[in-house]
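Chemist: Okay, handing you the structure first.
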Number of protein chains: 2
Amino acid sequence: MALENPPGSAFLLAAVGSHAAARFAERVADLDLTPPQVGLLGLIAASPGQSQQAVAQLLGMPPSRLVGLVDALADRGLVERRRNRTDRRLHALHITDEGTEMLARVGKVGREHDAALCRSLDAAERETLRALLSRIAADQGLRPGIHPGYRGV
Amino acid sequence: MALENPPGSAFLLAAVGSHAAARFAERVADLDLTPPQVGLLGLIAASPGQSQQAVAQLLGMPPSRLVGLVDALADRGLVERRRNRTDRRLHALHITDEGTEMLARVGKVGREHDAALCRSLDAAERETLRALLSRIAADQGLRPGIHPGYRGV
DNA sequence: TATTGTTATACTCTATAACTATA
DNA sequence: TATAGTTATAGAGTATAACAATA
């Protein structure tokens with residue numbers, strides 16, 4: 001009870017989505033990762049070799065912010081910067097073998113998270129939910145796989 | 001393309017929910033309100049006369065944080081603190097007439113927001129989405145009408 | 001002069017803890 | 001001494017702008 005009875009879909013979406021993001025953050029914290037780091041790791045794996053500028057643009061964040069995120073992943077050997085030989089200003093981002101292993105663990109955590117969040121729905125209902133959310137996401141211009149808050153995966 | 005193909009419901013929920021929260025924040029900014037202020041205003045309207053401690057507990061935030069939120073609403077005459085006569089330490093929170101008017105405007109904004117977010121779904125689909133989200137919210141222990149991030153309405 | 005990545009700075013939001021006034 | 005509310009302080013997280021290296 002707050003603004004409306006019953007609450008609209010948008011409020012429910014924001015509330016459940018916030019809850020989902022918080023629970024996911026807890027899970028990946030066990031891997032010593034933050035949601036933005038997970039998002040970056042996944043993007044580098046999916047589109048390797050891109051410059052920090054390009055990745056920052058894809059994630060919708062200023063390049064300066066990417067520096068710290070890449071540093072954290074590179075310090076742990078999960079990604080690496082490779083200098084472009086013809087233009088030494090560019091740092092191409094690549095995932096390492098350790099990074100790939102970590103991403104597999106993240107995937108497992110994500111599936112567990114998904115199962116826990118949707119445990120009250122049966123298989124058909126989960127598929128219905130996913131289809132409806134995908135429609136909204138596409139209509140609202142959200143890029144597949146990219147979290148608009150960059151804090152979630 | 002990031003972690004999974006296709007993305008799980010949890011990721012979609014977090015992404016679409018974050019988008020919904022951001023768009024709502026933009027809309028209420030036109031009323032010079034932040035989402036936490038809206039959530040507090042709605043709670044005071046729904047449960048008037050409670051102490052700041054009680055409201056803070058309901059919203060899941062420390063009482064110290066409530067001070068600034070109440071100040072902002074009280075300075076604009078939307079809510080008021082009424083001192084308890086028998087125990088002068090207590091400040092009962094009440095909404096004013098201006099606050100009630102403002103809440104009506106917030107409700108209108110919320111319905112517009114809802115319509116814009118779900119414009120790609122027909123009426124039956126919206127109802128299906130709302131039912132599925134309500135089930136998840138109840139199962140996950142979310143209190144109806146209370147945003148777990150306190151930033152949303 | 002323009003661009004990539006980096007660093008410096010400042011701002012916002014939040015929580016924890018110290019403080020006051022009442023009891 | 002205990003509690004409600006407040007204030008002070010500090011810590012994340014973020015964006016903007018200045019900077020160094022390279023083109």
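The values are calculated or read from the model by the stated rules, or taken from the named source; none is laboratory data. Here the structure is a predicted model, which is why all the values come from computation and not from measurement. Positions of Cβ are backbone-derived with ideal geometry, glycine not excepted, and every protein chain shown enters the neighbour counts. To get the accessible areas, we keep the full protein, side chains included, count just its heavy atoms, and leave off ligands, DNA and RNA. Shrake-Rupley method; radii C 1.70, N 1.55, O 1.52, S 1.80 Å.
Chemist: For the structure I just gave you, tell me whether A:R88 is exposed (fewer than 13 other Cβ atoms within 10 Å of the Cβ), more than 17 Å from the chain's Cα centre (by Cα) and closer than 30 Å to B:D139 by Cβ.
Modeler: In short, no.
Chemist: Another one. When you go through (1) facing chain A (nearest Cβ under 7 Å); (2) buried (at least 18 other Cβ atoms within 10 Å of the Cβ); (3) aliphatic (A, V, I, L, M); (4) closer than 14 Å to B:L103 by Cα one by one for B:A46, which number turns out not to apply?
Modeler: Condition (2) is where B:A46 drops out.
Chemist: Consider A:V67 carefully, then state whether it is within 13 Å of DNA strand D (Cβ to nearest atom) and open to solvent by less than 30 Å² (accessible area, probe 1.4 Å).
Modeler: no
Chemist: Can you name the residue in segment A:23-43 that is surrounded by fewer than 21 Cβ atoms within 10 Å (Cβ to Cβ), of a type outside the set (A, V, I, L, M, F, W, C) and away from DNA strand D (no atom under 12 Å from the Cβ) and is also farthest from A:A116 (Cα to Cα) among such residues?
Modeler: Here the answer is A:D32.
Chemist: Out of all the residues in segment A:70-80, which are away from DNA strand D (no atom under 12 Å from the Cβ) and surrounded by 15 or more Cβ atoms within 10 Å (Cβ to Cβ)?
Modeler: A:V70, A:L73, A:A74, A:R76, A:L78, A:V79, A:E80
Chemist: Something else: How many of the residues in segment A:49-64 are open to solvent by less than 50 Å² (accessible area, probe 1.4 Å) and farther than 18 Å from A:M102 by Cβ?
Modeler: 9
Chemist: For the condition more than 19 Å from A:V79 (Cα to Cα), at the interface with chain B (Cβ under 7 Å from one of its Cβ atoms) and either of a type in the set (G, A, S) or not in a helix (DSSP H, G or I) (or both), what is the one hit in A:L129, A:L133, A:L121?
Modeler: Going through A:L129, A:L133, A:L121 in turn, the sole match is A:L121.
Chemist: Only residues that are crowded, with 19+ Cβ neighbours inside 10 Å and more than 17 Å from the chain's Cα centre (by Cα): list them for segment A:131-143, please.
Modeler: Matches in segment A:131-143: A:L132, A:I136.
Chemist: Which one is nearest to DNA strand C (Cβ to nearest atom) among residues in segment B:49-67 that are under 12 Å from B:H91 (Cα atoms) and within 14 Å of chain A (Cβ to nearest Cβ)?
Modeler: B:V55
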